[in-house]
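Asks: Structure incoming, see below.
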Amino acid sequence: MLDAASTRVELKSRVNKKGQLTGRILVSGATGFLGRYILTSLHKNEACESLALVRNMANWHGQEWTKQLD
């Protein structure tokens, strides 16, 4: 069972002194409405590596905003 206290501790350990998330972060629904903004924000963060999970690569490459992330 997952409790809130253990989740907070784990999240705090993934934040560096600058307040940035560190490590690898998987974003599902990356081509969706929220996924776009989450990936753009994570891309600016040099302390983490973001991985995008998409159903259709043609849809990913067809969107203009994804070219900024390559």
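Asks: Could you tell me which residue of segment 30-70 is nearest to residue 18 (Cα to Cα), considering only residues that are of a type in the set (D, E, K, R) and part of a helix (DSSP H, G or I)?
Replies: Checking each candidate, the answer is 44.
Asks: Sticking with this one: Could you please give the count of residues in segment 12-70 that are touching a His at 6+ places or on another chain (Cβ under 9 Å) and surrounded by 10 or more Cβ atoms within 10 Å (Cβ to Cβ)? Let's see the steps before the verdict.
Replies: Initially, segment 12-70 is screened for residues touching a His at 6+ places or on another chain (Cβ under 9 Å), giving 50, 67-69.
Now restrict to residues that are surrounded by 10 or more Cβ atoms within 10 Å (Cβ to Cβ): 50, 69.
Matching residues across segment 12-70 total 2.
Asks: Hey, another quick one. Scanning for something within 12 Å of the chain's Cα centre (by Cα), on the phi > 0 side of the Ramachandran plot and at pLDDT 80 or above, does segment 38-58 turn up at least one residue?
Replies: no
The values are calculated or read from the model by the stated rules, or taken from the named source; none is laboratory data. Not measured: the values here are computed from a predicted model. Every residue, glycine as well, gets a Cβ built from its backbone with ideal geometry; the counts of neighbours run over all protein chains shown.
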